[in-house]
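The values are calculated or read from the model by the stated rules, or taken from the named source; none is laboratory data. Being a predicted model, the structure only gives us computed values, none of them experimental. Note: ideal-geometry Cβ built from the backbone for every residue, glycine included; neighbour counts use all protein chains shown.
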Amino acid sequence: MPQRKAEITELKKNHSRRMHNLDIKTVLKKTTKKFLAAIEQKNKEEATQNLNTLYKKLDKAAKRNILQDNTVSRRKSRYSKLLKTLDQ
């Protein structure tokens, strides 16, 4: 455990930041699962709506430096390719 008062406050801030980031990641995972479930059910309308919300969540995570920009770009690309497979 930290000894100095400043270290104790930093520890508290780190904990609250970690919890906030974990919340964002959890919501992102839930949104991804909803999108993938809609793809499995071949429900294009629902998948399109979920993809839009998924894009918003991914961009928010990149903005807050929770995920790197290239990771977000790669995931967006893969998910859009999945949605295009429903057309065929």
- What is the one condition in (1) within 11 Å of the chain's Cα centre (by Cα); (2) surrounded by 14 or more Cβ atoms within 10 Å (Cβ to Cβ) that Lys29 does not satisfy? (2)
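Condition check: β-branched (Val, Ile, Thr), touching a helix residue (DSSP H, G or I) at 6+ places or on another chain (Cβ under 6 Å), under 13 Å from Leu82 (Cα atoms) and surrounded by 14 or more Cβ atoms within 10 Å (Cβ to Cβ). Does Ile39 satisfy that?
Working: β-branched (Val, Ile, Thr): yes; touching a helix residue (DSSP H, G or I) at 6+ places or on another chain (Cβ under 6 Å): yes; under 13 Å from Leu82 (Cα atoms): yes; surrounded by 14 or more Cβ atoms within 10 Å (Cβ to Cβ): yes.
Criteria met by Ile39.
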- Message: So, in region 15-26, exactly how many residues are of a type in the set (A, V, I, L, M) and surrounded by fewer than 14 Cβ atoms within 10 Å (Cβ to Cβ)?
- Response: 2
- Those residues of region 42-63 which are at pLDDT 95 or above, surrounded by fewer than 16 Cβ atoms within 10 Å (Cβ to Cβ) and either among the polar types (S, T, N, Q) or not in a helix (DSSP H, G or I) (or both), in sequence order: Thr48, Gln49, Asn52, Thr53
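Which residue is farthest from Asn43 (Cα to Cα), if the candidates are limited to region 65-88 and must be charged (D, E, K, R) and out of contact with any helix residue (DSSP H, G or I) (no Cβ under 7 Å at 6 or more places or on another chain)?
Start the filter on region 65-88 by keeping residues that are charged (D, E, K, R), which leaves 69, 74-76, 78, 81, 84, 87.
Subset that is out of contact with any helix residue (DSSP H, G or I) (no Cβ under 7 Å at 6 or more places or on another chain): 74, 78, 81, 84, 87.
Numbers: Arg74: 23, Arg78: 18, Lys81: 15, Lys84: 12, Asp87: 11 Å.
By that ranking, first place goes to Arg74.
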- Note on the structure: Out of (1) among the hydrophobic types (A, V, I, L, M, F, W, C); (2) at pLDDT 95 or above; (3) surrounded by 11 or more Cβ atoms within 10 Å (Cβ to Cβ), the one Leu86 does not meet is (2)
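Among Leu36, Leu67, which is part of a helix (DSSP H, G or I) and at pLDDT 95 or above? First the steps, then the outcome.
Working: Leu67 fails: part of a helix (DSSP H, G or I).
None of the others qualify; the one that does is Leu36.
Going by the conditions given, is Lys42 on the phi > 0 side of the Ramachandran plot and touching a residue at least 12 places away in the same chain (Cβ under 8 Å)?
Numbers: on the phi > 0 side of the Ramachandran plot: yes; touching a residue at least 12 places away in the same chain (Cβ under 8 Å): yes.
The answer is yes for Lys42.
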